[in-house]
Amino acid sequence: MTVRVVAAVVSALALVAVAAPAVDHARERRAAASVEATVEDTADAVRALARHSDPGDRIETAPRRTVHVSLPEATTLAAERGPPRLVARAGNGAETVERLPVEVSVCGDGTTLRGDTTFAYIATDGEPVVVALRGFIRGDGSRAAYACTTGPRPSDARPGLRL
């Protein structure tokens, strides 16, 4: 009887040892697919603004789209310039890159995107930019949390927030 119990325990441990790498691999693949989908959805929102909208002169009149950026804990999503792109970097060093037709400027603390993010398509003195604002913006979008600029204010500025 003891031999059968020991054989059963050894067999169970062998099965767990064989299955563990497959489970880890599946978990990593699911996380990678989630990152790719989030980066693609975020890039699609920026592309749609640039393709289908005219940039607004002010944050209140700017076309906007809101997306939920949901990433695994060790992954970051950053907007980079030259050329404009979104880059997701996983904790294991893997990168997911999506090129963009217009520059994205992240407003607020830091340069990474996470959680509810509203993109506003804004006219500037040079090329138009998409400004990434934290949270979902209701009403005129004039709360202090959204008051950011992409450069110095022009001298002929009207009252209100102009980017």
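The values are calculated or read from the model by the stated rules, or taken from the named source; none is laboratory data. This is a predicted model, so every value here is computed, not measured. Note: ideal-geometry Cβ built from the backbone for every residue, glycine included; neighbour counts use all protein chains shown. Note: areas computed on protein heavy atoms with side chains; ligands, DNA, RNA excluded. Shrake-Rupley method; radii C 1.70, N 1.55, O 1.52, S 1.80 Å.
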- prompt: Within the set of pairs 6 or more residues apart or between chains, which connect a residue that is under 21 Å from G115 (Cα atoms) inside the range 78-97 to a residue that is of a type in the set (K, R) with Cβ atoms less than 6 Å apart?
  reply: R85/R99; E95/R89; V97/R85
Those strands (runs of 3 or more DSSP E) lying entirely in the range 1-119 with at least 2 residues open to solvent by 60 Å² or more (accessible area, probe 1.4 Å): 64-69, 85-89, 95-99
